[in-house]
Amino acid sequence: MLARSRSIMQMLVVELLAAFLLSSVFGGLLARRGIIGCAADPTYPFGWLQVLFLLLGLLALWWSLRGILFPRVLPVGIFSTIAVGIGGLRVTLPTKQVGIDAFPSTHPSYAAAEASFFVFLLIPAIGIGADTRFVGCSLQFHYAFAWLLAGFAVGFPLLRLVGWYLLRRRLPPAVVRRTHQGIFIPISIALPVALVLFGWVYLPPLFAARLDAGSFAGGLASHPERAGETLHVAGRVVAGPVTCACAASRDSACQFAAVLLDLEQGGLVVARGVSDYADEVQRLAPETEARLYGDLSAAPRPDYTTAAGSCPSDPFPQDSSRPRAWLEVIGR
């Protein structure tokens, strides 16, 4: 099992190499050409380094596709080992080959190992989003790179399953017997990390409190314990979005956006998003119901400053007749 696990890890490394190298090269080429409504940008380099990345990426892709679509049995050496103690560190080193194992180049169980590792490749695409109106021309390479990575993350496992079940690219049953045991170690490494990472991001919003006109009546004066909490705020957009530090080449791409939410008897809440979270606020339209997730505070945060200037934390006229709170948006 250890020999096959090692071979599966090597297979995953080659596929990841292909994904990163080719996404980088083709992302740069797409940005040079101009995508998502942006003009061509020849400042993205394409020189000998990109050519090298392209050749290495294509080689890694060819090796990966060959193993999936043209199955073969690869000999894998099995080695005896010796444990060496270095201070408090214990290292296991191979000594001599004591046997050879047959490693099938493809099997549907490998798709589970790929998915457990490649799920991390979806993070850039999740972060940058699919709505190109809010990406901005300065990020067109990042948009292409993120979604190309996502394509590889889905493509390799899907192609492996299609090749095995639809195209019938299989090896004899005697060769693939107990092959699935080789994925136990890779999955036991990647899956806990994936669960912790995605759980850290997606579980807190599911259990966070929700403030609206009824539950927040009287504002923070009546609910001082809510200050400093991370929660959902639901209300009607009565002003904004006010944007700031926008990219000169694309008006809709901004680093700051704020809206004013009306929670009726709960008062007013100024919700601002900076950096990537500005996109979440920019999408809101006046006189519509909105729900935002973020950190609630009893005082506005410092103004957001960029190279383009200072963006006021609270750009809306003051209204002393109604209580006001401030929300730093970190999601929807």
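The values are calculated or read from the model by the stated rules, or taken from the named source; none is laboratory data. These numbers were taken from a predicted model, which means no experiment stands behind them. No Cβ is skipped: glycine too gets one built from the backbone with ideal geometry, and neighbour counts run over all protein chains shown. SASA here: full protein model, heavy atoms, side chains in, ligands and nucleic acids out. Shrake-Rupley method; radii C 1.70, N 1.55, O 1.52, S 1.80 Å.
With the convex hull built on the Cα atoms of the range 167-235, state its orientation-averaged projected area in nm².
9.2 nm²
Subtracting the Cα-Cα distance from 0.36 nm times the residue separation, let me have the gained length for Ala213 to His142 in nm, one decimal.
Computed gain between Ala213 and His142 is 21.6 nm.
Which whole-number percent gives the relative contact order of the chain, counting Cα pairs below 8 Å spaced six or more residues apart?
In percent, rounded to a whole number, it is 15.
Would you pull out the residues with amide H under 5 Å of Phe103's amide H, same chain only if 5 or more places away, H placed 1.01 Å from N?
Residues meeting the amide H criterion: Leu74, Val76.
Could you order the peptides 174-181, 255-262 from most to least packed, using the average number of other C-beta atoms within 10 Å per residue?
Result, highest mean first: 255-262, 174-181.
Which one of Leu206, Leu220, Leu12 has the biggest mean-square fluctuation once the chain is modelled by GNM with Cα springs under 10 Å?
Evaluated over the chain, the most mobile residue of the options is Leu206.
If you count, for each residue, the other Cβ atoms within 10 Å and average over each peptide, how do 225-231, 264-270 line up from highest to lowest?
264-270, 225-231
Obtain the nm distance between the two label points defined at Trp63 and Ala174 by a simple spin-label model: each point lies 7 Å from its Cα along the Cα-to-C-beta direction.
Roughly 3.0 nm, to one decimal.
Collect residues whose amide H, placed 1.01 Å from N in the peptide plane, falls under 5 Å from the amide H of Cys254; neighbours closer than 5 in sequence don't count.
Counting only residues 5 or more places away or on other chains, the set is Ala247.
Could you work out the helix-only [θ] at 222 nm for the chain, with each DSSP H run of four or more residues adding -39,500 (n - 2.57) and the total divided by the number of residues, to the nearest 500 deg cm²/dmol?
Counting only the DSSP helices, I get -12500 deg cm²/dmol.
So how strong a dipole does the range 276-332 carry about its Cα centre when Lys and Arg Cβ are +1 and Asp and Glu Cβ are -1, to the nearest 20 debye?
Computed charge dipole of the range 276-332: roughly 120 debye.
Given the options Ala194, Leu211, Ala239, identify the residue whose Cα lies farthest towards the positive end of the charge dipole of the range 193-267 (+1 on Cβ of Lys, Arg; -1 on Cβ of Asp, Glu).
Ala194
Between Leu29 and Glu289, what length in nm is gained on full extension when 0.36 nm per residue of separation is reduced by their alpha carbon distance?
89.5 nm
For a Förster distance of 51 Å, can you work out the FRET efficiency between the beta-carbons of Leu161 and Ser275, rounded to the nearest 0.05?
About 0.85, to the nearest 0.05.
Only four residue types carry charge here, +1 at the Cβ of Lys and Arg and -1 at the Cβ of Asp and Glu. Report the dipole size of the range 221-332 about the Cα centre in Debye, rounded to the nearest 20.
Approximately 60 debye in magnitude.
For the chain, list the DSSP H helices whose alpha carbon atoms reach 20 Å or more along the long axis and whose average Kyte-Doolittle value is -1.0 or above?
2-33, 48-69, 140-161, 184-207
If the only charges are +1 at each Lys and Arg Cβ and -1 at each Asp and Glu Cβ, what is the size of the charge dipole of the range 157-289 around the Cα centre, to the nearest 20 debye?
Roughly 1440 debye for the range 157-289.
Using only the alpha carbons of the chain, what is the convex hull's orientation-averaged projected area in square nanometres?
Value for the chain: 23.9 nm².
Taking a probe of 1.4 Å, how large is the accessible area per residue of the chain, in Å²?
On a per-residue basis, the chain sits at 52 Å².
Principal axis extents for the range 145-265, Cα atoms only, whole Å, descending order, please.
Here the Cα extents, ordered largest to smallest, are 72, 41, 24 Å.
For Ala209, which sequence-distant residues (separation of 5 or more, or a different chain) have an amide H within less than 5 Å of its own amide H, given hydrogens modelled in the peptide plane?
Long-range HN contacts for Ala209: His232.
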